[in-house]
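Notes to accompany the following structure.
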């Protein structure tokens with residue numbers, strides 16, 4: 001009989017003990033019962049607690065609440081599994097199980113690879129290389145999947161989960177209305193109240209695991225003035241809330257108006273002190289009520305070149321006004337004895353550092369840089385940015401495409417205001433759909449993390465779909481494990497993942513993906529290989545010849561997939577079943593891209609719609625892994641946008 005002793009009274013340690021028991025019983029099904037007890041002075045069995053409970057040195061951590069240290073020292077009968085904080089104890093449990101052969105390839109029970117074997121003596125000690133390792137809700141989300149995504153997060157060493165927006169109904173609406181798949185699935189609308197309840201359910205699951213909870217983001221620029229930050233206000237709408245808020249909206253081209261039809265795209269007139277005070281009061285009200293928030297994200301408008309042009313606002317840059325506002329928020333939170341950490345963002349108009357203003361209390365704040373318009377076909381370099389840094393010009397700025405340009409702006413911000421910094425990335429938003437195999441994309445992500453670390457960033461939060469595991473979870477898995485340990489070798493991660501997911505013949509799967517990758521060129525799919533931009537961003541007849549090879553490659557590989565569709569482990573069976581769906585996906589995708597490469601934009605668009613309808617019939621079967629809505633968004637973001645009107649994405 002095995003015993004698990006909790007030497008700490010944290011509820012997160014309680015959960016860690018239950019997880020250890022569950023997986024040990026699965027690994028050793030004939031070992032009998034595993035007894036869990038709370039015994040603060042235990043000296044035998046598995047002992048779970050804080051490193052401080054065992055008198056272990058934690059001096060390498062700058063902040064024991066934020067920095068995750070894992071310490072494992074066990075034999076076959078038990079031993080110490082500890083962490084620098086309660087969350088780290090849970091991370092240590094999963095790391096102990098990983099060292100003993102367990103893997104979590106993608107969310108859900110079907111993603112669990114749990115070998116039947118006796119545990120072995122294990123020694124491991126490491127502090128995570130990146131303080132922030134997480135994801136933020138995006139795409140088309142449904143609640144069971146969100147529960148699995150949160151559960152999955154710490155299993156691959158991640159410690160952050162963010163819920164964007166006051167009420168993230170736009171993301172849920174995308175799923176429950178089955179956007180881009182209406183022909184195959186009947187809409188099943190959910191109410192605002194239901195989604196708001198679901199957000200709270202997510203928060204409870206995040207807290208259960210001791211994960212850092214990051215909240216909000218956009219919306220602060222209009223919510224304090226009485227507008228629903230997540231509502232749409234179509235052009236010409238007569239709305240009392242909009243009219244009441246209009247005097248506070250940014251003045252652009254002589255008009256105070258919304259950017260498009262969304263409050264979240266809009267900035268407010270920051271110059272007048274009374275305007276800022278309304279925003280400060282709303283932040284304090286929210287922070288007072290939502291004390292479970294570890295990091296409150298305070299972002300401005302989600303758009304470029306929409307800063308206020310009034311006579312007062314013209315006196316300072318957008319970011320200078322931003323810093324003034326942040327200092328006022330800090331003073332108000334301090335006056336209310338609130339220790340809420342605040343994240344501000346270098347993004348669009350606030351990408352450029354302030355010219356004059358500085359933060360009074362940098363310790364409260366973290367800078368988040370969001371390089372949404374960068375190229376994702378090459379990784380962030382570890383080398384310094386050597387070009388001249390662009391200056392802010394009121395409503396005349398351009399989108400950066402060089403991955404290092406946002407990095408350089410963030411470094412300039414940090415130099416001036418003295419905060420810690422992290423990155424808000426978009427690998428799993430639409431960019432994952434331009435490198436269809438995930439092989440090269442995983443390597444880019446791996447190197448991005450190393451590049452960001454070299455530039456002093458403390459981690460990454462991915463703004464991406466929680467259904468980013470098609471044709472497998474390799475890219476996301478690489479993201480999680482690399483954030484914890486940046487010294488890991490990419491080829492070692494690849495071998496470990498593919499061997500686990502596909503068994504002893506895993507090299508055949510890698511070889512197949514490499515052939516597909518060669519034909520479905522990443523840079524071409526990202527719109528970076530046109531030979532004549534006047535025709536379109538995808539005009540490249542030579543690519544058509546490569547793309548036409550995809551059906552043949554798929555047919556040659558199909559018997560291999562068929563022969564492996566039933567495997568010894570469920571996670572492997574599911575991996576091959578997903579691979580089987582990918583065969584159809586690769587063929588259909590390649591066919592309309594052949595037409596696109598020849599310059600026939602209209603015909604390619606029609607074929608793309610037909611492909612989405614055809615492939616969408618599988619979404620129910622693979623929706624845990626594949627996000628049909630985000631595939632449609634990816635088509636709109638680049639491929640179908642070239643020389644055509646974009647589709648309405650609904651958020």
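If I go through segment 61-77 residue by residue, how many of them are closer than 26 Å to residue 120 by Cβ and either within 28 Å of the chain's Cα centre (by Cα) or not assigned by TED's automatic domain parsing to the domain that holds residue 90 (or both)? Spell out how you get there, then give the answer.
Step one: of segment 61-77, the residues closer than 26 Å to residue 120 by Cβ are 68-77.
From what is left, the residues that are either within 28 Å of the chain's Cα centre (by Cα) or not assigned by TED's automatic domain parsing to the domain that holds residue 90 (or both) are 68-71.
Residues meeting the conditions: 4.
Only residues that are under 12 Å from residue 23 (Cα atoms) and buried (at least 24 other Cβ atoms within 10 Å of the Cβ): list them for segment 69-94, please. Don't jump to the end; show me each part of the working.
Of segment 69-94, the ones under 12 Å from residue 23 (Cα atoms) are 93-94.
Of everything in segment 69-94, just one residue is under 12 Å from residue 23 (Cα atoms) and buried (at least 24 other Cβ atoms within 10 Å of the Cβ), namely 93.
Looking at 571, 586, 604, 542, which is the one that is surrounded by fewer than 18 Cβ atoms within 10 Å (Cβ to Cβ) and part of a helix (DSSP H, G or I)?
Working: 571 fails: surrounded by fewer than 18 Cβ atoms within 10 Å (Cβ to Cβ); 586 fails: surrounded by fewer than 18 Cβ atoms within 10 Å (Cβ to Cβ); 604 fails: surrounded by fewer than 18 Cβ atoms within 10 Å (Cβ to Cβ).
Step by step, each of 571, 586, 604, 542 is checked, and only 542 is surrounded by fewer than 18 Cβ atoms within 10 Å (Cβ to Cβ) and part of a helix (DSSP H, G or I).
Regarding segment 387-404, can at least one residue be identified that is surrounded by 16 or more Cβ atoms within 10 Å (Cβ to Cβ) and assigned to a strand (DSSP E or B)?
no
Out of all the residues in segment 267-289, which are part of a helix (DSSP H, G or I) and in contact with a strand residue (DSSP E or B) (Cβ under 8 Å, 6 or more places away or on another chain)? Show your work before the answer.
Taking segment 267-289 as the starting set, the residues that turn out to be part of a helix (DSSP H, G or I) are 273-289.
Of everything in segment 267-289, those that are part of a helix (DSSP H, G or I) and in contact with a strand residue (DSSP E or B) (Cβ under 8 Å, 6 or more places away or on another chain) turn out to be 275, 279, 283, 286, 287.
Looking at segment 346-360, can you tell me whether even one residue there is without any contact (Cβ under 8 Å) to a residue 60 or more places away in the chain, surrounded by 17 or more Cβ atoms within 10 Å (Cβ to Cβ), out of contact with any helix residue (DSSP H, G or I) (no Cβ under 8 Å at 6 or more places or on another chain) and closer than 25 Å to residue 325 by Cα?
Yes, there is a match, as at least one residue in segment 346-360 is without any contact (Cβ under 8 Å) to a residue 60 or more places away in the chain, surrounded by 17 or more Cβ atoms within 10 Å (Cβ to Cβ), out of contact with any helix residue (DSSP H, G or I) (no Cβ under 8 Å at 6 or more places or on another chain) and closer than 25 Å to residue 325 by Cα.
Scan (1) within 23 Å of residue 476 (Cβ to Cβ); (2) in contact (Cβ under 8 Å) with a residue 40 or more places away in the chain; (3) surrounded by fewer than 18 Cβ atoms within 10 Å (Cβ to Cβ) for the single condition residue 99 breaks and write down its number.
The number of the failed condition is (2).
The values are calculated or read from the model by the stated rules, or taken from the named source; none is laboratory data. Not measured: the values here are computed from a predicted model. Here the Cβ is made from the backbone with ideal geometry for all residues, glycine too, and neighbour counts use every protein chain on show.
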